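Trainee: One structure coming up, written as structure tokens, with questions to follow.
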Amino acid sequence: MSGSPHEEMNERLVALLRRDGRAPIVDLAAELGVPRSVVRSRLRELRESGDIAIVAIAHPAVLDLDVGCHLSIKVYGSTRDVVEHLLAAENVTLVSLVSGEYDIVVELRARDQRELFDAVEEIRLSDAVREVCTLVYVDVLRSPFAAAARPAQVRLDEIDLAIVHRLQDDGRMPFRELAESVGVSESTARTRTLALLEREVMRISTISRRGRRTRNMAMGLGMHVRGYSEDLVATILEIPGVEFLATVIGNYDMIGTISGNSLPALQRIAEQVRSSSDVTGICTWVHMDFVRETYRLPLGGGTAGVTPAARRGSRAPSTPAEDPFALL
């Protein structure tokens with residue numbers, strides 16, 4: 001069922017902001033074919049309601065967080081205690097309540113395999129956790145929040161770190177305000193920000209509160225394939241609605257995330273993936289509630305490498321999920 005014109009406009013706007021979170025209002029208005037005042041109003045409404053957050057995310061390589069994994073967790077009884085424990089960990093970038101065989105899906109980042117193993121083991125030893133299935137990322141082929149390839153240059157100085165830190169709070173912060181908070185000139189703030197984006201050290205994108213005004217639902221896919229090939233990857237990435245794709249070591253050969261505005265839409269996309277010539281089977285799970293999807297990396301513990309000007313007035317980021325159990 002199609003949504004109202006208001007909902008459809010919101011979806012189109014969010015899709016454009018997911019591609020470029022700092023896209024100028026005039027460009028967004030031209031793409032949507034509406035006055036700039038309409039875009040400003042819709043954008044303000046979506047952000048103030050918490051339906052979306054526009055944020056910067058540094059590539060994990062900036063912090064040497066080159067190792068990542070996807071966890072599927074079964075719990076005894078309620079998920080509440082396990083979720084609260086996961087939300088307390090800084091290296092957990094995603095927590096989602098899902099349907100299917102498992103109860104919770106998690107993404108972890110670490111500096112090396114030992115650190116990753118220890119983080120997974122801590123989760124596994126929880127009295128409330130019944131089972132953990134681990135998939136270690138080999139290559140992240142598409143991600144909505146960070147460039148897949150490791151940037152050629154990832155070492156950042158104090159000013160770069162301060163800029164990323166502030167844009168993690170507000171990805172659309174005006175350059176003048178950014179310059180004042182970091183303690184540099186407006187031209188320096190602009191030049192440094194554009195350089196970070198061009199080098200793909202960071203990306204500014206949109207996090208949606210799934211299933212609310214944007215009607216954006218998500219489904220996870222675990223895929224078995226006959227053999228990895230660039231043609232297979234290209235075929236899957238060309239399917240509209242594929243948000244995330246990675247090769248993994250574990251129970252599956254590849255995993256992905258697809259999005260759509262209804263369960264039938266998700267099913268159609270899943271069938272397209274299943275029909276790819278080298279895909280021999282898929283397993284699916286529906287994301288019912290993204291409890292955490294902030295992708296806010298702790299840059300040196302949150303303030304290390306950030307100038308005093310950036311630390312003054314620093315606030316917690318506006319995230320789409322203020323209460324992790326609001327939908328339970």
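The values are calculated or read from the model by the stated rules, or taken from the named source; none is laboratory data. Keep in mind that this is a model prediction, so the values were computed, not measured. So basically every Cβ, Gly included, is an ideal-geometry build from the backbone, and we count neighbours across all protein chains shown.
Trainee: Taking segment 226-241 as the search range and keeping residues that are out of contact with any Ser or Thr (no Cβ under 7 Å at 6 or more places or on another chain), over 25 Å from GLY260 (Cβ atoms) and of a type outside the set (D, E, K, R), which one is surrounded by the fewest Cβ atoms within 10 Å (Cβ to Cβ)?
Mentor: By that ranking, first place goes to GLY227.
Trainee: Take segment 58-81 and flag every residue that is modelled with pLDDT of 95 or more and among the aliphatic types (A, V, I, L, M).
Mentor: LEU71, ILE73, VAL75
Trainee: Right, another one. Among ASP231, ASP170, ASP253, which is in contact with a Pro (Cβ under 9 Å, 6 or more places away or on another chain) and either more than 23 Å from ASP51 (Cβ to Cβ) or of a type outside the set (Val, Ile, Thr) (or both)?
Mentor: Numbers: ASP231 fails: in contact with a Pro (Cβ under 9 Å, 6 or more places away or on another chain); ASP253 fails: in contact with a Pro (Cβ under 9 Å, 6 or more places away or on another chain).
Exactly one of ASP231, ASP170, ASP253 is in contact with a Pro (Cβ under 9 Å, 6 or more places away or on another chain) and either more than 23 Å from ASP51 (Cβ to Cβ) or of a type outside the set (Val, Ile, Thr) (or both), namely ASP170.
Trainee: Can you run down the residue pairs with Cβ atoms below 8 Å, 6 or more apart or on separate chains, where the first is in segment 257-280 and more than 10 Å from MET219 (Cα to Cα) and surrounded by fewer than 17 Cβ atoms within 10 Å (Cβ to Cβ) and the partner is modelled with pLDDT under 90 and basic (Lys, Arg)?
Mentor: That search, which allows pairs on different chains as well, returns SER262/ARG215.
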